[in-house]
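Here the structure comes first, spelled out in structure tokens, and everything after it is commentary.
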Amino acid sequence: MQNNIPLSLYVHIPWCVKKCPYCDFNSHEKDSSFDEKKYVEALLADLEDEYEHCQQRTLSSIFFGGGTPSLFSADAIHTVINHARQLFKFNDIEITLEANPGTFEQEKFNAFRQAGVNRLSIGIQSFNQEHLESLGRIHDSKQALSAIETAKLAGFENINLDLMFGLPQQSIQQALDDVKTACAFDVPHISHYQLTIEENTYFHKHTPVLPETDLLWEMQTQCQDLLADNAYQQYEISAYAKKDKHCLHNYNYWLFGDYIGIGAGAHGKLSTIDNKDQSLKIIRRWKHRQPRQYIDKTLSGNAVSGEGILKRQDIVFEFLLNALRLKTGSDIKTFKKHTGLDFYYLENAVKNVDPELLIIDKDTIATTDRGFLFLNEILEKLV
Ligand SMILES: C[S@@+](CC[C@H](N)C(=O)[O-])C[C@H]1O[C@@H](n2cnc3c(N)ncnc32)[C@H](O)[C@@H]1O
Ligand code: SF4
């Protein structure tokens, strides 16, 4: 049987100009390990290996994430997109590139557009100079503004702006000012993340003074209202979009679609359908984390660092972990198609969850408005 679960491609670019003190992503300061040419060679080899597991399938999105993909040349990005185009069918494809305002040059962004990138995700974080400094960002507030102009001049219409709130010493008014400035650009998508202190970061060891819980709650609520007033609908915990402008790539993750992950530390999820009994098997596969090791291992034919088949209870849990982040949850047809499981397993997994927090029937599973605010309480009650 033909596998028609949507398929996305994630490409990880693991270098940044400088490591931000709050960041726990697999990103490394651009040092002697930086080797664009060899890394692209490794990405192509990695993609070819992955292709063996999903021949004949159509790609619905590509996401260049990081790290700072905009550190790479447009030629490098073009080479990867072209190779994907040679291997896979493309269908109305969304191709996103994450960009840091400290790396914007008009010519380069024109060339990214030419290379096939049709969506930019710009890591603004804040427009406030003091907050940018406290976050250790490489860009200033002027560059934050001009990056958006540069992107528009290069012909990008589909733009996301990443903002963070709950910043050191941030007042509600300052958080609102950031949202207001972002809304004024009238981009289709805004991501609004609460700053979290992650282990193994500089901020974990030297934690700055952050807004108190009550203040944070008020800040988030007021920012949400301001986003709604500007026609940005919240469709996921941190994602807000104008009508029909949600991120297709992330939507596919949240609905437990398939994705290939290539690049240092990237992981993927692929389902295969057994021709004999039509049963579905889901495989997770991940790649070597350190950039140099990834390049060396991949170029000697060994990109994969580990893999495993998901067990039934993990499938249901992972499905819920993702789908319940969406405000509208998931329909049951999608659950069945993307997990290969009967409704019974889903119903059983949520049987201890308070019905005030979650709605489940033969058609849909979704949090209630209250459940959306207390997702952790739901997850704790899963069987
Ligand atoms: C993978 S990062 C890459 C974006 C790009 N490198 C940049 O920083 O401009 C994606 C986004 O995650 C968010 N992020 C990273 N660390 C975070 C943290 N500790 N708490 C909240 N949001 C975070 C930031 O908004 C960032 O833009
Ligand atoms: S630029 Fe982005 S990916 Fe790089 S360290 Fe900063 S937040 Fe992390």
Can you tell me the relative contact order of segment 307-364? Whole percent, Cα pairs under 8 Å, sequence separation 6 or more.
37 percent
Extent of segment 226-354 along each principal axis, from alpha carbon coordinates, in Å, largest to smallest?
53, 41, 28
Segment 1-61: projected area of the alpha-carbon convex hull, averaged over directions, in nm²:
5.8 nm²
Evaluate segment 148-253: find the radius of gyration of its Cα atoms, find its Kirkwood radius, and give the ratio Rg to Rh.
1.00
Extension reserve of the S146-K18 stretch, reckoned as 0.36 nm per residue once the Cα distance is removed:
44.0 nm
Given segment 116-203 reduced to its alpha-carbon atoms as identical point scatterers, what log10 I(q)/I(0) does the Debye formula return at q = 0.22 Å⁻¹?
-1.09
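If you stretched the chain out fully between R292 and S73, how much longer would it get, using 0.36 nm times the residue separation minus the C-alpha to C-alpha distance?
Separation in residues times 0.36 nm, less the Cα-Cα distance, equals 76.9 nm.
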Give or take rounding to whole Å, what are the principal axis extents of the alpha carbon atoms in the chain, in descending order?
61, 53, 40
Taking the alpha-carbon centroid of each part, what is the distance from segment 105-184 to segment 233-289 in angstrom?
26 Å
Connecting C-alpha atoms closer than 10 Å in a GNM of the chain, tell me which of N158, N118, N91 has the biggest fluctuation.
N91
Hey, fewest Cβ within 10 Å first, where do L153, L299, L163 land in order?
L153, L299, L163
Under unit Cβ charges (Lys, Arg +1; Asp, Glu -1), what dipole magnitude, rounded to 20 debye, does segment 58-179 have relative to its Cα centre?
420 debye
The farthest towards the positive end of the charge dipole of segment 274-383, of the residues L375, L326, Q290, given +1 on Cβ of Lys and Arg and -1 on Cβ of Asp and Glu, is Q290
Given +1 on the Cβ of Lys and Arg, -1 on the Cβ of Asp and Glu, and no further charges, what dipole in debye does the chain carry about its Cα centre, rounded to the nearest 20?
960 debye
Please go through the residue pairs K269/K337; K276/K297; K205/K297; K89/K269 and name each one whose alpha carbons sit more than 24 Å apart in this structure.
K276/K297; K205/K297
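Considering every Cα-Cα pair within segment 57-96, what fraction, in whole percent, is farther apart than 16 Å?
When all Cα pairs of segment 57-96 are counted, 35 percent exceed 16 Å.
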Give the calculated FRET efficiency between K333 and D229 to the nearest 0.05, with a Förster radius of 35 Å applied to their Cβ-Cβ distance.
0.55
DSSP-defined antiparallel bridges as percent of all bridges, the chain, nearest 5
40 percent
Taking the Cβ of K311 as the centre, find all other residues whose Cβ is under 12 Å away and add up their charges (Lys, Arg: +1; Asp, Glu: -1).
+1
When the dipole is taken about the Cα centre of segment 123-194, and only Lys, Arg (+1) and Asp, Glu (-1) are charged at their Cβ, what size is it in debye, to the nearest 20?
40 debye
Out of K37, K297, K337, any idea which swings most in a Gaussian network model of the chain, alpha carbons joined below 10 Å?
K37
Of the candidates Q220, Q106, Q86, which one comes out as most mobile in a Gaussian network treatment of the chain with C-alpha springs shorter than 10 Å?
Q86
Cα coordinate range in segment 13-169, projected on the principal axes (Å, largest first):
52, 33, 28
If each residue's Cβ is checked for other Cβ atoms within 10 Å, how do E199, E130 rank with the fewest at the top?
E199, E130
How far apart, in nanometres, would the label points at N200 and Q129 be if each is projected 7 angstrom from Cα along the Cα-to-Cβ direction?
3.6 nm
Expected 222 nm ellipticity per residue - DSSP helices of 4 or more, -39500 (n - 2.57), all of the chain, to 500
-11000 deg cm²/dmol
Here the FRET efficiency for T368 versus Q114, based on Cβ atoms and R0 = 56 Å and rounded to 0.05, is 0.75
What do you get for Rg/Rh over segment 297-374 if you use C-alpha atoms and the Kirkwood form of Rh?
1.14
Expressed to one decimal in nm², the mean projection of the alpha carbon convex hull of segment 1-106 is 7.9 nm²
Kindly state, to the nearest 0.05, the FRET efficiency for S32 paired with K351, given R0 = 51 Å and r defined as their beta-carbon distance.
0.40
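We did not get these values from a lab; they are worked out from the coordinates using the rules stated. What you are looking at is a predicted structure, and each value in this text was computed from that prediction instead of being measured. Cβ coordinates were reconstructed from backbone atoms using ideal geometry, including for glycine residues, and neighbour counts include every protein chain displayed.
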